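Worksheet: one structure, shown below.
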């Protein structure tokens, strides 16, 4: 069994200021676009975590130059992609899905694999779409890792139909590479609604910053025109989804937590925390780049469709388990295909600590109950670890298994969390 970490519990309302590392979603998109741009660029204040280091390693293995500038930034120089390579995806969905479409532009065979659980995460639809666009894929018929992409230096592109209801990353992956395809790419989604639409909007916005023409006027269709990806420097925003446990620190203790450098306008789904916490009874203010949450005497339950912000579900579910009225979280069937089946995992782990929780096909019903200490398993999922530490804010003797899994998107989270709970600003 992985090491058990005692979740720290404050016994008084807290008053903290917290600074967060950069966004994984923005960092990895910026790296991919820099690697296929028409010249060198800089990614400023990138997140350096397992997911982003895996992305940097993947692009470097293809021939991209990625160097430290000495002040924490990454200088990226596009290179000649003319070699065979092996890519370790780890548990990074962005590496498994964003890199294969650009590998079609390389000359060589690139083999992809990752952690054992990564072989269970959905990618079949995207691989089929790449095949339809002219990229040669060898997956042994599995539609999953491991697979190989045989790059020929060019991709015809064109129109492709895909069911992206399992992951918005399928769409983003094709769009990121599409401008370099001979005929661009015209992606048309069929099936249930695409989850996490803000992440596709993030992709579209970043493509436009690089001078790429994107037509997203019609629902469920995104067309990228063939053309140059201009070199553009990026300043990476803090990761707003990683703000969830820190804002929960204020919400659950009736205290005050301020997260610095919160953007006034953003495509990050984590910005929805402002509305969610307000509905739960918190006072939320954004002023001069500081987002401040003041917690109520008692948190209120909520009825929420989290379809577009599914990654927030573990943290929100943990707060709902501390609320004084029932909650209904729905619209997140797709998170069963995330790092773990998050719906089943949350039902099991919240229930293990005494929560009255019912698992639904697309979410959870959570009712007030008396909670108790115990082991909270994380299933190698950083967001599950966030849920565990949030419960530990109000429950004695919560032991979080494998707190180190948070390194996926937040290096040394345990130290930052203990500091935020017990004292000086992190």
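No value in this document is a laboratory result; all are computed from the given coordinates. Just so it is clear, the structure is predicted and the values come from calculations on it, not from any experiment. Cβ placement follows ideal geometry from the backbone for every residue including glycine, while neighbour counts extend to all protein chains displayed.
Structural remarks
- Peptides 5-12, 244-251 ranked from most to least packed give 244-251, 5-12, packing being the mean of other C-beta atoms within 10 angstrom over each peptide's residues.
- Counting DSSP beta bridges with both ends in the stretch 68-205, the antiparallel % (nearest 5): 55 percent
- Sorting 379, 181 by the number of Cβ atoms found within 10 Å of their own Cβ, with the fewest placed first, yields 379, 181.
- Here the residues 120, 353, 291, 273, ranked from fewest to most Cβ neighbours within 10 Å of their Cβ, fall in the order 120, 353, 291, 273.
- Distance distribution P(r), the stretch 24-229, all Cα-Cα pairs, bin width 5 angstrom from 0: 1, 8, 17, 22, 23, 17, 9, 2, 0, 0 percent.
- Debye log10 I(q)/I(0) for the stretch 279-426, one point scatterer per Cα, at q = 0.09, 0.14 Å⁻¹: -0.27, -0.67
- Spacing of the two label points (7 Å from each Cα toward its C-beta) at residue 221 and residue 57, in nm: 4.2 nm
- The chain, helix-only ellipticity at 222 nm - DSSP H runs n ≥ 4, -39,500 (n - 2.57), divided by all residues, nearest 500: -8500 deg cm²/dmol
- Cβ-based exposure ranking for 213, 272, 339, in which fewest neighbours within 10 Å come first: 213, 272, 339
- On the beta carbon distance between residue 115 and residue 213, with R0 = 41 Å, the FRET formula returns roughly 0.65.
- From the C-alpha gyration tensor of the stretch 200-256, square roots of 5λ in Å: 36, 16, 6
- DSSP-defined beta bridges in the chain - what % are antiparallel, rounded to 5: 65 percent
- Values [x] 18.7; [y] 20.0; [z] 31.2 are given for comparison; mean projected area of the Cα convex hull in nm², derived from the coordinates here, is the one labelled [x].
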